[in-house]
Amino acid sequence: MTGKFPEGFLWGGAVAANQIEGGFGFGGKGISTADVATAGAVDKKREYTDGIVEGIYYPSHEAIDFYHRYKEDIKLLSEMGFKCFRTSIAWSRIFPKGDEAVPNEEGLQFYDAVFDECLKYNIEPVVTISHYEMPYHLVTQYGAWRNRKLIAFYINFCKVIFERYQNKVKYWMTFNEINVIAYQSFIAAGIKLETGERKEEVIYQAAHHQFIASAKAVALGHEINPDFKIGCMLLYPLTYPMTCNPEDVLLANEAMNKNYYFSDVQVRGAYPNFMKKYFERNNINITMEAGDAEILKQGTVDYVGFSYYMSLVASSDKEKGGDAAGGNMVRGGANPYLETSEWGWQIDSVGLRIALNNLYDRYQIPLFIVENGLGAIDKVEEDGSIQDDYRIEYLRHHIMEMKKAVIIDGVELMGYTPWGCIDLISAGTGEMKKRYGFVYVDKDNAGNGSLKRYKKKSFHWYQKVIASNGEDL
Ligand code: BGP
């Protein structure tokens, strides 16, 4: 198919502070939730601990040492022609404990330097304000997002970074994969459930606090700089009905509604009826304050950012439904038409076109694919090259479908930032060997390696894709 992406399309890549920076204990950084999560698989239920024991948190404490190597890394991204770079700000670098009145200047300077380095190469920073980490003190002292006080701490954090970076950063997202709170509450929102607590009530109450925080952040951001574009960020686990049995279709719809609930609130500024009814039926009481409805209405997002890696299946037949297939933070039924990655994620490029159409039909505001990609084990050849044709195949097919969504279907898409553009620590498994990057980082699961960066075959391929604005795939 011929045709280009719109002028100014934001080609780039995505990472998150806690998965790349390392710099644990540097620059006045406080302890974050990511620092105390052991490198266990999400599937095995990631553990956390109250004490910091040096050594057992490898590899996230040093990650790929972007903290000291950001200049070299951003230069490599610029060589690929990146128009944007999505990263996050580690909240605990700016407010080490989270509840201080005065920010940590050294932390602010670090991101000044990172953003300046991007701008030097005309790379637009795209910033996730909170990506799977928060100051751990907010967990131990306040119970994390279950506590309404978190809203004020978060807004204080937003005010500081909005003001500080208002002339450097235009694109923001309030919470990474906000719907993941329903699947992995500690990673997403620092919530450890106490025995006897009603899981759903705690989680949906915490989600309400995040919604208010997000809406207030959007309003505040626009006040500080009306040019800001502030989005939500949704994990999009596209779920198909296993068959045309209406029961399967209904189940698939219900599975998606549990995710749409989050974007509905952030895009439309109100709770959807299906969720209010769900709360009623299940006796889930969400405490709201007078004025909350108004805050949600006034803080609707400018765009929908989302991650897309795979699709799942819902079935009324217990045998076929279930959780045979994995994914980023959520599991579901297996699809006989799809192949899977080495981690059992079902590869579905056409699903990306479906996702784009679904989201655009539903919201009619610009979309931004802020994560997509293939986690794989890469082999370094004797000559130092990395022949990651499987990654190129994955991305090529997804970009082709993305192109159809834009050119044939008319979806308004702002940009595309494949996940882990430089190898990083996996959020789900804590491993280094699950790689997504165009740039290889010499480091293994045990922490050995020189940390040297190598260009993979996909590096040169993606460079061509960007140079031709998506024509040369
Ligand atoms: C998303 C997260 C990322 C990222 C990605 C890949 O859910 O937003 O932080 O890590 O999934 O997942 P994993 O690292 O488990 O392969």
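All of the numbers you see were taken from the coordinates with simple rules; none came from a lab. Quick caveat: nothing in here was measured; it's all calculated off a predicted structure. Don't worry about glycine lacking a Cβ; one is built from the backbone with ideal geometry, like all the others, and counts go over all protein chains shown.
Structure notes:
- Label-to-label distance, nm, for residues given as Asn147 and Met288 (7 Å Cα→Cβ offset): 2.5
- About the Cα centre, charge dipole magnitude for the chain (Lys/Arg +1, Asp/Glu -1 at Cβ), debye: 460
- In loop segments of the stretch 290-320 as defined by DSSP, the trypsin sites (Lys or Arg not before Pro) with at most 12 further C-beta atoms inside 10 Å of their C-beta are Lys318.
- Taking every full run of DSSP H in the chain, the ones that stretch at least 24 Å from end to end by Cα along their long axis and average -1.0 or higher on the Kyte-Doolittle scale are 149-165, 199-224, 246-268, 389-407.
- Maximal additional length on extending the Lys75-Ala113 stretch stands at 12.4 nm, based on 0.36 nm per residue less the C-alpha distance.
- Rg/Rg_ref, the chain, where Rg_ref = 2.2 N^0.38 Å and atoms are Cα: 0.91
- Centroid-to-centroid, using Cα positions, the stretch 1-33 and the stretch 442-473 are 15 Å apart.
- Counting every other Cβ atom within 10 Å of each residue's Cβ, Phe85, Phe186 order from fewest to most as Phe186, Phe85.
- Over the chain, relative contact order from alpha-carbon pairs under 8 Å, at least 6 apart, %: 17
- Think of the stretch 226-348 as having a plus end and a minus end, set by charges on the Cβ of Lys, Arg, Asp and Glu; of Ala314, Tyr278, Thr239, Tyr278 sits farthest toward the positive end of this dipole.
- Each DSSP beta bridge with both residues in the chain is either parallel or antiparallel, and the antiparallel ones are about 20%.
- Only helices enter this figure: runs of n ≥ 4 DSSP H residues, each worth -39500 (n - 2.57), summed and divided by the residues of the chain, yield -12000 deg cm²/dmol at 222 nm to the nearest 500.
- Beta bridge orientation in the stretch 305-404: antiparallel %, DSSP, nearest 5: 50
- Placing pseudo-labels 7 Å out from each Cα toward the beta carbon at Asp383 and Asn253 gives an inter-label distance of 5.6 nm.
- When the pairs Lys120/Lys168; Lys29/Lys97; Lys29/Lys192; Lys229/Lys404 are compared against a 20 Å limit on Cα-Cα distance, Lys29/Lys192; Lys229/Lys404 fall above it.
- Asn156/Lys199 FRET efficiency (R0 35 Å; Cβ-Cβ; nearest 0.05): 0.75
- Overall form of the stretch 312-417 per C-alpha gyration tensor (a/c, 1.5; a/b vs b/c): oblate
- Of Met275, Met173, Met402, Met242, the sequence from fewest to most neighbouring Cβ atoms within 10 angstrom is Met275, Met242, Met402, Met173.
- Among the trypsin sites (Lys or Arg not before Pro) in the stretch 187-240, those located in a DSSP loop and surrounded by at most 14 other Cβ atoms within 10 Å of their own Cβ are Arg198.
- Per-residue Cβ neighbour counts within 10 Å put Thr239, Thr417 in the sequence Thr239, Thr417, beginning with the fewest.
- Principal axis box of the stretch 355-473, alpha-carbon based, largest edge first, Å: 48, 30, 17
- DSSP-assigned coil residues among GluC sites (Glu not before Pro) in the stretch 373-429, each with at most 12 further Cβ atoms within 10 Å: Glu381, Glu382
- With the simple model of a label 7 Å out from the Cα in the direction of the Cβ, Glu471 to Asn448 spans 4.8 nm.
- With semi-axes defined as the square roots of five times the eigenvalues of the C-alpha gyration tensor, the equivalent ellipsoid of the stretch 161-271 measures 30, 19, 11 Å, largest first.
- Shape call, the stretch 184-243: gyration tensor on alpha carbons, a/c limit 1.5: oblate
- In summary, the lysines within cross-link reach of Lys452, defined as a Cα separation below 18 angstrom excluding same-chain residues under 8 places away, comprise Lys71, Lys75, Lys379, Lys433, Lys434, Lys443.
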